[in-house]
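A.B. asks: Below you will find the structure I want to go over with you.
Just so you know, all these numbers are worked out from the coordinates, no wet-lab data involved. These numbers come from a predicted model, not from an experiment. Heads up, the Cβs are rebuilt from the backbone with ideal geometry, glycines too, and the neighbour counts pull from every protein chain shown.
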């Protein structure tokens with residue numbers, strides 16, 4: 001049995017102003033760095049047998065405080081990157097609404113085969129994220145313990161629905177906030193349970209999810 005501690009990265013300026021990030025690499029802003037420290041304080045008492053992070057710096061710089069002072073190294077993986085939004089990366093929702101209204105409607109209609117120009121579809125994201133889950137699980141087969149994964153909203157949603165055996169269409173029905181914590185227990189004999197979903201209590205009472 002493994003407990004997966006899934007953390008979305010802290011806030012970036014692109015998050016704050018509503019730009020599509022995808023696999024672009026903006027850094028954490030000041031609020032995001034404070035959120036990363038809050039996650040680290042929240043998880044200080046948890047012993048991690050393994051730690052994984054997307055190699056994009058907003059995720060890597062969220063994972064670093066959590067694992068600071070520990071002997072367990074962070075393994076950085078490209079398959080934990082956010083969904084690629086291709087030509088849409090760096091654009092705001094308003095810009096997308098004006099330039100790609102029909103495509104944006106497809107995105108919000110839960111059509112998993114749809115992909116932004118030059119980007120990934122939800123089906124491709126789901127395949128990549130579920131593959132990452134399988135590879136990480138295989139690496140730790142036959143052991144018990146806690147696994148930290150710091151990644152991105154879309155990727156973590158895909159990982160969660162994969163673990164639970166839910167259809168890909170359900171992934172965008174899960175809300176994951178910046179620096180939110182989710183915990184999923186995966187059993188050796190099969191099956192999984194959500195123990196915690198998008199908990200932001202460590203960010204303080206004034207945090208707006």
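A.B. asks: If you take every DSSP beta bridge fully contained in the chain, what fraction is antiparallel? Give it as a percent rounded to 5.
C.D. replies: Values: 13 of 28 bridges.
Antiparallel bridges: around 45 percent, rounded to the nearest 5.
A.B. asks: For residue 140 and residue 24, compute 0.36 nm times the residue count separating them, minus their Cα-Cα distance, and round to one decimal in nm.
C.D. replies: 38.7 nm
A.B. asks: Please give the calculated 222 nm ellipticity per residue for the chain, where each DSSP H segment of at least 4 residues contributes -39500 (n - 2.57) and the sum is spread over every residue; nearest 500 deg cm²/dmol?
C.D. replies: Taken over the chain, the calculation gives -10500 deg cm²/dmol.
A.B. asks: Among 160, 147, 194, determine the one that fluctuates most according to a GNM of the chain built with springs between C-alpha atoms less than 10 Å apart.
C.D. replies: 194
A.B. asks: So for 96, 6, fewest C-beta neighbours within 10 Å to most, what's the order?
C.D. replies: Taking fewest neighbouring Cβ atoms as first place, the list is 96, 6.
A.B. asks: Given springs between every Cα pair under 10 Å in a Gaussian network model of the chain, which of 71, 188, 25 has the largest fluctuation?
C.D. replies: 71
A.B. asks: Next up: Given a cut-off of under 8 Å on Cα pairs at least six residues apart, what relative contact order in percent is computed for segment 2-203?
C.D. replies: Relative contact order comes out at 31 percent.
A.B. asks: For segment 2-203, just run the numbers: alpha carbon Rg, then divide by 2.2 N^0.38 Å, N being how many residues it has.
C.D. replies: 0.99
A.B. asks: In degrees between 0 and 90, to the nearest 10, how far off the longest principal axis of the chain does helix 30-42 point, with axes built from Cα atoms?
C.D. replies: 30 degrees
A.B. asks: Nearest 10 degrees is fine. How inclined is helix 122-139 to the longest principal axis of the chain, computing both from alpha carbons?
C.D. replies: Between the helix axis and the principal axis of the chain, the angle is about 10 degrees.
A.B. asks: Could you work out how far helix 153-164 tilts from the main Cα principal axis of the chain, as a 0 to 90 degree angle to the nearest 10?
C.D. replies: Here the helix axis deviates by roughly 60 degrees.
A.B. asks: I would also like to ask the following. Running a GNM on the chain with Cα contacts under 10 Å, which residue among 127, 102, 44 ends up with the highest mean-square fluctuation?
C.D. replies: Taking springs between Cα atoms under 10 Å, the residue moving most is 102.
A.B. asks: Taking the Cα-to-Cβ direction at residue 47 and at residue 103 and moving 7 Å from each Cα, how far apart do the two end points lie in nm?
C.D. replies: In this crude spin-label approximation the distance works out to 5.0 nm.
A.B. asks: I've got another one for you. Quick one: 161, 186, fewest Cβ neighbours within 10 Å first, how do they rank?
C.D. replies: 186, 161
A.B. asks: Determine the relative contact order of segment 66-162: mean sequence separation of Cα pairs under 8 Å and six or more apart, normalised by residue count, in whole percent.
C.D. replies: Taking the mean separation of contacting Cα pairs over the length of segment 66-162, I get 35 percent.
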